[in-house]
Amino acid sequence: MRRQNILLLAQARYDPTARCEVGRRYLLGVEGFAQHVPTGIEYLTHCSVNEMPEAAAIISECLPLETIVTLGQEAALLRAANAGSAGAQFKIAVWLCLRHGPAQPARWLDAAAASGHEGARRARAALGRSDSDAGLLEFARVVSGVDGVHLEPIAALGATRAAQERDLCRMARCLRVALAMAPRLSVALATLVVEAVHLAEQTGQERPGLDVSQVEAALDLLAHDGNRAADYLLGRALCGIACGSLQTAGLVSSGNLRKGSALLLRAADAGCEEAWMHLYRVHADHRCSVANPQMARFFLEKAAILGHAEAQRRLGALTLRSATSLKDSETGIHWLHEAVQQGDAFAMRLLKSLVLPLAGADDAADHAIDSVRRTDPWLAVRLRMSRDFGLTKLEALCADPAEGRRPWGLVVGKNPFIAQSKLSAPRAVPAVSTAVLDNLHRAALFFEETQRDGSLFEGDWRRRSLHQRRVFARYHLDEDMFFARVNSPTLDAMRQGTKWALRAKQSLHSALSA
């Protein structure tokens with residue numbers, strides 16, 4: 001570095017004028033100083049010169065508008081404009097026009113034009129020919145290139161700032177300018193367009209404020225580039241699925257189920273869980289050209305495994321409706337139980353339809369069980385289990401809570417004391433509350449710990465039945481409070497999916513249509 005520059009740097013430590021000059025040289029990279037904009041800004045925003053109009057004017061006149069905005073120096077631009085800098089007045093007018101619309105920059109353009117700024121005069125004339133955003137693009141064409149103003153990056157910066165403020169109107173205005181001034185659609189601009197669509201969806205607006213062809217081109221570009229969000233948006237739009245309040249007509253010019261399904265599958269595979277449910281709905285609709293029941297079931301299972309409550313409820317209901325074995329019933333109840341854990345009321349109604357009703361109040365039953373427990377804890381446990389799960393008398397006498405306990409309820413094993421195979425078949429019964437599951441857990445532990453003593457004390461089913469009748473007579477208990485009285489067709493309907501579906505028709509319809 002030359003000696004005079006070293007002396008200037010030393011003088012800048014105490015002389016504001018010298019500090020401004022050093023800042024100017026760093027900004028421009030002239031007179032022996034290497035260009036380094038951050039260092040120049042540091043000199044020109046020092047507390048000793050920060051409020052000086054000269055420092056603000058240097059920043060405004062030496063840097064292009066996009067750099068000023070990127071570095072957050074709009075305040076310096078405003079100070080220079082207020083101090084009478086025509087270049088600063090022109091630049092702040094361009095920025096305000098993009099940020100707030102054509103009505104905002106008029107006074108700055110007038111001031112710059114009065115100072116002889118030719119670009120400001122032409123820009124003011126362009127704004128004067130329109131009283132709305134319609135003249136914005138003409139204004140952009142006029143000011144582009146004047147004083148080093150490049151509208152595309154500046155408009156993109158305005159769109160980014162509006163996205164941070166969640167202002168869709170401003171974001172769309174800036175994007176319209178950026179797209180009009182760009183020679184081609186870039187990935188950066190396409191990303192901003194997709195962000196605008198996301199913002200429209202999140203805020204419940206019906207249109208993103210952009211031309212449909214521009215939105216579709218941006219989505220297509222990013223989808224081709226492997227962007228998951230673009231895959232999900234474009235896939236839904238092509239399949240005719242609304243994105244919140246945003247209708248598909250504002251995103252794509254026409255539908256394409258095959259391409260949309262492929263994009264949704266890519267989005268789902270990339271981790272977008274909701275896409276599995278959209279795929280299920282498209283493939284389950286027999287009216288669609290891509291209808292495929294087997295694929296629909298696969299997509300539903302994927303969504304259920306990932307914890308989607310609606311998918312779990314639907315999968316559980318469909319599995320139970322077609323159940324022909326105990327394994328099918330257990331699987332269906334498992335998925336309904338998972339949906340109930342997330343607060344699904346429809347799934348709870350279906351689970352309750354699998355529990356046979358009992359008479360009497362819960363308080364009276366609890367009191368009776370406590371009385372029996374003092375003399376016969378094994379019978380008390382069976383009565384508690386029967387009351388919780390709505391078991392028949394034979395089921396309650398033969399059920400093994402240790403072996404039949406499941407995370408979602410109880411499996412009553414095959415009854416060896418009934419000759420008819422249909423009536424003796426095992427049955428899966430769900431727990432309808434966490435208290436019921438806790439009681440079952442305690443019952444299983446009790447039977448595991450007292451297995452030998454219980455077998456000796458309880459005896460076979462005849463002995464259990466006789467002992468139970470004696471205890472009920474001693475305590476004046478009503479069997480209807482603890483045992484379900486049902487005929488064989490009703491009990492058989494609890495095991496067969498098609499028969500159960502007829503009995504729970506209304507609840508099943510609500511669960512599948514919700």
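The values are calculated or read from the model by the stated rules, or taken from the named source; none is laboratory data. Remember, predicted model here, so these are calculated numbers, not experimental data. Cβ atoms come from the backbone with ideal geometry, glycine included; neighbour counts cover every protein chain shown. Just the protein is used for accessible areas: all its heavy atoms, side chains included, with ligands, DNA and RNA removed. Shrake-Rupley method; radii C 1.70, N 1.55, O 1.52, S 1.80 Å.
Given R₀ = 25 Å, what would the calculated FRET efficiency be for SER48 paired with LEU28, taking r from the Cβ atoms and rounding to 0.05?
0.75
Using Cα pairs closer than 8 Å and at least 6 residues apart in sequence, work out the relative contact order for the chain, in percent.
7
Between ASP480 and LEU512, what FRET efficiency follows from the Cβ-Cβ distance if R0 is 45 Å, with the result rounded to 0.05?
E(calc), rounded to 0.05, equals 0.85.
Could you state the accessible area per residue of the chain in Å², with a 1.4 Å probe and every protein chain left in place?
Per-residue accessible area for the chain comes out at 47 Å².
Report the gain in length on full extension from VAL212 to GLN294: 0.36 nm times residue separation, minus Cα-Cα distance, nm rounded to one decimal.
Working it through step by step, the gained length comes to 26.1 nm.
I'd like the FRET efficiency for LEU502 and HIS286, computed as 1/(1 + (r/R0)^6) with the beta carbon distance as r and R0 of 25 Å, rounded to 0.05.
0.65
Using every Cα-Cα pair within the chain, state what percent have a distance larger than 32 Å.
Cα-Cα pairs in the chain separated by more than 32 Å: 63 percent.
In nm, what is the difference between 0.36 nm times the number of residues separating LEU326 and ALA10 and their Cα-Cα distance?
104.8 nm
What's the extension gain from ASP363 to ALA473 if we count 0.36 nm per residue and subtract their Cα-Cα distance?
Separation in residues times 0.36 nm, less the Cα-Cα distance, equals 37.6 nm.
Ignoring GluC sites (Glu not before Pro) that are buried or in helix or strand per DSSP, and keeping those with at most 16 other beta carbon atoms within 10 Å, what is the longest stretch of the chain between them?
The segment 274-514 is the longest one with no such site.
Of the heavy-atom accessible surface of the chain (probe 1.4 angstrom), what whole percent is carbon and sulfur?
51
Between region 141-210 and region 20-74, what's the alpha-carbon centroid distance in Å?
First find each Cα centre; the distance between them is then 27 Å.
Lysine pairs in the chain with alpha-carbon atoms under 28 Å apart, 8 or more places apart or on different chains: how many are there?
Pairs that pass both the separation and distance tests number 25.
Given axes a ≥ b ≥ c from the Cα gyration tensor, I'd like to know whether region 261-316 is rounded (a/c under 1.5), prolate (a/b larger than b/c) or oblate.
Because a/c hits 1.5 or more and a/b fails to exceed b/c, region 261-316 counts as oblate.
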